[in-house]
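For reference, the structure is listed below as structure tokens.
The values are calculated or read from the model by the stated rules, or taken from the named source; none is laboratory data. Because the structure is predicted, anything quoted here is derived from the model rather than measured. Here the Cβ positions follow ideal geometry from the backbone for every residue, glycine too, while neighbour counts run over all protein chains shown. Accessible surface areas use protein heavy atoms only, side chains included; no ligands, DNA or RNA. Shrake-Rupley method; radii C 1.70, N 1.55, O 1.52, S 1.80 Å.
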Amino acid sequence: MNRLNFYLLSLLLCLPPSFLAAQGSRKQASAGNERDDSVIYHTVERGQTIYSIAALYKVSENDIYRLNPSSRNNIREGETLKIPRNGTSNASGRTADGASVQHTIRSGETLFSLSRNYGVTPDEITAANPGLDAGTFYVGKTIRIPAPSAAPATASTGETYTIKKNETIYGLCRRFETDNETLLRVNPQLKSGLRAGMVIKVPPKKAGAAPSTPTTPVSGPTNEFDIEAMRAYRNEVNRIDVARVALLLPFLTSDKKNVPRFVEYYEGFLMAIDSLRRTGTSIDLSVYDLGDGTQKTEEVLRTDEVNAADLIIGGVTDEQIELIADYASRKGVKYVIPLSSKLEKLTSGNSFIFQVNAPKAYIAPIAAVRAASLLANYNAVFVSIGDKDEETDFVRALKAEMTKKGIPNREVGYNSRTFMNDLTGLLSTSKPNVIIPTSSSEGALAKLRPTLRALLQGKSNYRLTLFGYPEWQTYTNYTRDFSAFNTYIYAPFFAISRSASVRRFTSRYKSFYQKSMHQTYPRYAMLGFDTGMYFIGALQKHGANFEENIRQMKYTSLQMGLYYNERMSNWGGFMNQNIYIVHYNKDNTVTRE
């Protein structure tokens with residue numbers, strides 16, 4: 001295991017702070033919510049699909065269809081769905097080990113009233129739901145209620161510890177695997193502040209809790225109206241001088257095809273480190289090989305460097321990622337999954353995860369909203385291809401958005417003998433037309449190209465545009481056709497090869513490593529660079545609790561857009577929601593927005 005250290009500036013990561021959860025006045029929960037405790041009632045929010053809701057509650061899509069038959073066709077914002085409680089829960093919703101219960105907020109309930117009803121503190125509820133705030137506490141919203149904690153310990157371990165320069169309450173809690181309530185009970189003098197050289201009593205460990213979870217602020221707000229003060233306090237105490245980052249990838253693995261990609265990701269990440277160093281940022285970077293399987297991952301997670309890390313990035317296989325995610329949850333460390341597009345159910349239930357590569361089914365409704373806005377003034381014609389690469393989720397979502405916005409849209413099946421007549425019968429001469437194949441395959445483009453070319457060359461009165469999918473950027477033989485057809489595609493990542501920033505990066509990469517990047521989609525060096533710049537840059541700019549400013553964080557990427565608008569659930573992590581609309585202009589230029 002090789003460890004590389006770069007000393008650059010940054011800020012300590014910590015658990016998300018607790019927020020005021022004042023009652024909202026949004027949609028009313030179903031009346032059945034009062035009677036049937038064997039299910040959870042979920043109010044559909046904008047952009048959600050059955051796929052994303054199933055991931056949120058860790059059930060299958062068929063489980064939701066069984067209780068909500070009409071949802072097979074479509075779901076609407078504001079609609080209430082019945083969600084089966086998973087097999088680990090009893091009728092009251094409490095998990096088998098008593099760890100938590102899922103509660104759907106009802107009319108008249110507040111954070112304070114819930115805390116009294118369940119015998120927990122408001123802070124324990126907000127700690128279990130890091131995304132909970134005044135804007136996400138409303139009727140119909142489902143939150144997690146933790147089990148009541150055992151009586152707090154008051155005795156110290158008998159050991160003492162001398163405070164070092166720049167140490168914080170948060171850092172001490174992580175060191176001693178406790179919370180600040182226990183630390184301050186054993187050492188009340190700390191309420192007046194920390195000073196280097198102070199000798200304190202070592203508190204007992206808090207059983208079963210993430211060591212970095214501070215559950216009560218120094219001044220301990222006694223009611224729900226003081227939670228904002230708690231947030232300000234936690235932001236203040238969690239700063240450090242050096243960001244400790246652990247990068248974990250399988251460099252020495254039997255997966256020979258992907259090893260060059262992992263190496264290239266690492267090389268791009270190092271270039272981000274170099275760029276950040278030039279801005280005065282300080283980083284202690286530790287890099288480890290995970291190899292095959294999980295043995296090395298388990299060993300790495302026991303090292304001092306990883307145990308001291310503020311941010312972990314990496315893991316490739318499902319098993320490696322699950323191990324690291326569990327570690328991050330127990331230790332209270334933020335964890336970035338940079339490559340895998342699976343395990344969305346893991347991300348939806350772990351508040352420390354940031355997933356870079358979102359599943360296609362998750363981003364389909366987001367892309368549909370963007371596409372419908374772009375094509376508001378078009379006449380839309382969907383061409384049903386019927387091959388193995390049908391984009392069912394996107395097409396269904398786009399049709400629903402278009403219908404809602406009053407955008408005319410019809411569908412025609414592809415038949416090689418009649419397609420020209422079938423298509424022109426649906427085109428408009430008074431407004432622009434957009435052709436949308438239902439498949440993302442290269443074969444679908446091959447079927448459409450002759451007809452679209454004939455319409456263009458025949459100087460018809462039809463104004464034509466083509467709309468397509470992320471995969472199309474890999475079909476380099478069609479680039480000229482894309483420009484001719486005034487094509488748009490949606491894509492979570494896209495590098496404009498002629499842009500000044502990409503050309504500059506490409507030149508720097510070749511200068512650094514005396515080689516060119518592999519021609520893959522995505523370019524792994526750019527992915528490593530974008531990941532490093534975004535997350536370490538977030539620490540530098542917004543501090544330890546950078547997720548509180550997640551909606552304001554702006555980063556102009558080389559390739560991978562990174563946009564984390566909200567958590568997947570109040571208790572879950574963040575899934576990348578970035579969608580680029582890429583335009584192949586008729587003058588052969590390409591733009592991205």
Of the residues Ser511, Ser501, Ser557, which is under 30 Å from Glu442 (Cβ atoms) and open to solvent by 40 Å² or more (accessible area, probe 1.4 Å)? Ser501
Would you be able to tell me the number of residues in the stretch 519-542 that are touching a helix residue (DSSP H, G or I) at 6+ places or on another chain (Cβ under 6 Å) and not in a helix (DSSP H, G or I)? 1
The correct count of residues that are at pLDDT 80 or above and either surrounded by fewer than 18 Cβ atoms within 10 Å (Cβ to Cβ) or in contact with a helix residue (DSSP H, G or I) (Cβ under 7 Å, 6 or more places away or on another chain) (or both) in the stretch 78-102 is 6
For the stretch 330-379, give me the residue count where each residue is open to solvent by 10 Å² or more (accessible area, probe 1.4 Å) and among the β-branched types (Val, Ile, Thr). 2
So for the stretch 536-559 (the condition being modelled with pLDDT of 95 or more and under 13 Å from the mean Cα position of the chain (by Cα)), does at least one residue qualify? no
Can you report the number of residues in the stretch 33-53 which are modelled with pLDDT under 75, over 30 Å from Leu398 (Cα atoms) and surrounded by fewer than 19 Cβ atoms within 10 Å (Cβ to Cβ)? 4
Set Lys388, Lys405: member being under 29 Å from Ile435 (Cα atoms), open to solvent by 50 Å² or more (accessible area, probe 1.4 Å) and in contact with a helix residue (DSSP H, G or I) (Cβ under 6 Å, 6 or more places away or on another chain): Lys405
Among the numbered criteria (1) at pLDDT 75 or above; (2) assigned to a loop (DSSP other than H, G, I, E, B); (3) among the β-branched types (Val, Ile, Thr), which one does Ile125 miss? (2)
For the stretch 463-494, give me each residue that is assigned to a loop (DSSP other than H, G, I, E, B) and either out of contact with any Pro (no Cβ under 9 Å at 6 or more places or on another chain) or closer than 29 Å to Pro359 by Cα (or both). Tyr469, Tyr475, Phe485, Asn486, Thr487, Pro492, Phe494
Name, by its number, the condition in (1) within 14 Å of Ala371 (Cα to Cα); (2) open to solvent by 60 Å² or more (accessible area, probe 1.4 Å); (3) touching a strand residue (DSSP E or B) at 6+ places or on another chain (Cβ under 8 Å) that does not hold for Arg396. (3)
List the pairs whose first member sits in the stretch 534-545 and is of a type in the set (Gly, Ala, Ser), whose second member is open to solvent by 10 Å² or more (accessible area, probe 1.4 Å) and in a helix (DSSP H, G or I), and whose Cβ atoms are under 7 Å apart, counting only residues at least 6 apart or on separate chains? Gly543/Asn235
Would you check which residues across the stretch 395-443 are charged (D, E, K, R), over 35 Å from the mean Cα position of the chain (by Cα) and part of a helix (DSSP H, G or I) and list them? Asp422
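Rundown of residues vs (1) closer than 24 Å to Ser100 by Cβ; (2) in contact (Cβ under 8 Å) with a residue 60 or more places away in the chain; (3) assigned to a loop (DSSP other than H, G, I, E, B), yes/no style:
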| site | (1), (2), (3) |
| --- | --- |
| Glu548 | yes, yes, no |
| Arg551 | no, no, yes |
| Tyr555 | no, no, yes |
| Asn565 | no, no, yes |
| Gly572 | yes, yes, yes |
| Gln577 | no, yes, yes |
| His583 | no, yes, no |
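Within the stretch 372-394, count every residue that is small (Gly, Ala, Ser), more than 25 Å from the chain's Cα centre (by Cα) and either closer than 26 Å to Ser430 by Cα or not assigned by the TED database to the domain that holds Pro432 (or both).
To start, the set of residues in the stretch 372-394 that are small (Gly, Ala, Ser) comprises 372-373, 376, 380, 384, 386.
From what's left, more than 25 Å from the chain's Cα centre (by Cα): 376, 380, 384, 386.
Remaining after also requiring either closer than 26 Å to Ser430 by Cα or not assigned by the TED database to the domain that holds Pro432 (or both): 376, 380, 384.
The number of residues fulfilling the criteria is 3.
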